[in-house]
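To keep things clear, I will list the structure first and then write my remarks on it.
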Amino acid sequence: MEGLVKDVPDARWDIVRTVAEPEWVFVHVRFTAAPGAAPYALADLFRVQDCKIVEHWDVVGPPLEGMPNPNPRF
């Protein structure tokens, strides 16, 4: 993350929702690279063991124009 924060210092990370269970944490984020830029949808899933992240998966949805699905991303 340090490299990404350094590369896009004006980025904004808005946490939309989180879900936490004893072994799993899910985070849904709206990521905007710069003021006025279209947002990305990010979803991260972490498996935690002994208070440490032991597995991580993510999905990145790029900005879309004219989304065919009427349900919003955020």
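Taken together, the values in this text are just the output of simple stated rules run on the coordinates, not laboratory data. Remember, it's a predicted structure, so these values are computed and weren't measured experimentally. Every residue, glycine among them, receives a Cβ derived from its backbone with ideal geometry; neighbour counts consider all protein chains shown.
Entry remark, the range 25-57: residues being in contact with a His (Cβ under 8 Å, 6 or more places away or on another chain) and of a type in the set (D, E, K, R) number 2 in total. Filtering the range 18-52 down to residues that are without any contact (Cβ under 8 Å) to a residue 12 or more places away in the chain and surrounded by 11 or more Cβ atoms within 10 Å (Cβ to Cβ), which residue is farthest from Leu4 (Cα to Cα)? Selected residue: Ala20. Here the range 33-64 is the region considered, the condition is being assigned to a strand (DSSP E or B) and out of contact with any Phe, Trp or Tyr (no Cβ under 9 Å at 6 or more places or on another chain), and the residue that is farthest from Pro9 (Cα to Cα) is Gln49.
Within the range 2-17, the set of residues being surrounded by 10 or more Cβ atoms within 10 Å (Cβ to Cβ) and part of a helix (DSSP H, G or I) comprises Leu4, Val5. Close Cβ contacts (under 6 Å, 6 or more residues apart or on different chains) running from residues in the range 55-74 that are under 12 Å from Pro39 (Cβ atoms) to residues that are part of a strand (DSSP E or B) and charged (D, E, K, R) comprise Phe74/Arg30. All conditions but one from (1) touching a Pro at 6+ places or on another chain (Cβ under 7 Å); (2) part of a helix (DSSP H, G or I); (3) not polar (S, T, N, Q) apply to Arg30; the one that does not is (2).
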